[in-house]
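Read-outs throughout are calculated quantities, based only on the coordinates presented, and are distinct from any laboratory measurement. Every value quoted in this text rests on a predicted model; they were computed, and no experiment measured them. Here the Cβ positions follow ideal geometry from the backbone for every residue, glycine too, while neighbour counts run over all protein chains shown.
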Amino acid sequence: MDDIQPTTDPVRPKAPLRSWFDVRGRSLSTLAFALNRLTAIGLTVYLFLHLAVLSMLLGGPESWNRFLAVARSPFFLLLDVVLLFGVVYHMANGIRVALVGMGVGHTQHKTMFYVLVGLALVLFVVGAALIFVG
Amino acid sequence: MQSSMSRRTLEEMATRRDRSGSLWLVQAFTGLLLVFILGAHMIAHHFIVEGGLRDYQQVLDYVANPFVFIIEVVFVIIATIHALLGARAIVLDLRPPAATVKVINWVLVAIGAVAIGYGLWLALALQRAAGA
């Protein structure tokens, strides 16, 4: 498993950043790892943006409610759906990586991936529907 | 001389590997906590609220609850630690020189301290605004 090596492990691809985007001939584990990293970057950027946006609350009801009007626009709702995908995928694959890294289900890691990501996709579809309908 | 150098290098590598393993455990543990806390945060803020987001008064009413306040503060701390450990792992994958790694560590610690400090300050300011 590529994705359970400690961070400083010397066994690394020669061009690690480029290898995330090169999907040719990749194993499921490598693709899962690459997508995990990409969602991690997106979620980290979002976390800090989210903290910054919350400062609008200090501007009082007008400032916050102006932001709400923008945040409820179809474009922002679409971004919420992308965010939701990042969250549920990162969560599902992260659970698998954590369990396998702790020695749980090491031999069934592929099955675990399909089950957890399958559950994540169900959550994603339900959540995406709620974002637009709810 | 060469032998003692090699031994020291090996010990340093082992220490670095132990540290890396400990950080991996912290990341896994914070990640598992986030499954519950982030899940609760998303449901409370985005899925059970009409319109998908709380308006100003609803936010104040929400953070006025001491239990919610504590959970939200813990959420900021755990999410920041998890995110920055992940960012560190990604940056280290790019194989920076050892001296750069030290700088990266300090920069990430500083970003984390500012983010957590800001999150705490914001939560306290909102709780004051709510009159709690």
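So how do A:Met56, A:Met91, A:Met112 line up by other beta-carbon neighbours within 10 Å, fewest first?
Numbers: A:Met56 16, A:Met91 23, A:Met112 20.
So the ranking, lowest neighbour count to highest, is A:Met56, A:Met112, A:Met91.
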Which ³J(HN,Hα) values in Hz, rounded to whole numbers, follow from the phi angles of segment A:52-63 under the Karplus curve 6.51 cos²θ - 1.76 cosθ + 1.60, where θ = phi - 60° and Gly and Pro get x?
5, 5, 5, 5, 5, 4, 6, x, x, x, 5, 4
For labels at B:Trp106 and B:Ala130 in the simple 7 Å Cα→Cβ model, what's the distance in nm?
3.9
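By counting other Cβ atoms within 10 Å of each Cβ, how are A:Asp80, B:Asp55 ranked from fewest to most?
Values: A:Asp80 19, B:Asp55 15.
Arranged by neighbour count, lowest to highest, A:Asp80, B:Asp55 become B:Asp55, A:Asp80.
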Would you mind ranking B:Leu126, A:Leu49 by Cβ crowding within 10 Å, fewest neighbours first?
A:Leu49, B:Leu126
For segment B:19-131, place one equal point scatterer on every Cα, skip the solvent, and apply the Debye formula. What is log10 of I(q)/I(0) at q = 0.15, 0.18 Å⁻¹?
-0.75, -0.96
For segment B:78-83, just list the computed ³J(HN,Hα) in residue order, Karplus coefficients 6.51, -1.76 and 1.60, θ = phi - 60°, integers in Hz, with x standing in for Gly and Pro.
5, 5, 5, 4, 4, 5
Charge tally in the Cβ shell below 14 Å around A:Ile41, where Lys, Arg are +1 and Asp, Glu are -1, A:Ile41 excluded:
+1
Rg followed by Dmax, in Å, when segment A:65-119 is reduced to its Cα trace:
16.5, 52
Net charge of neighbours whose Cβ lies under 12 Å from the Cβ of B:Val68, counting Lys and Arg as +1 and Asp and Glu as -1
-1
For segment A:110-115, in residue order, the Karplus 3J(HN,Hα) values (coefficients 6.51, -1.76, 1.60; θ = phi - 60°; whole Hz; Gly and Pro = x) are 5, 4, 4, 4, 5, 5
From the P(r) of segment B:72-111, could you give the percentage of C-alpha pairs in the tail past 12 Å?
60
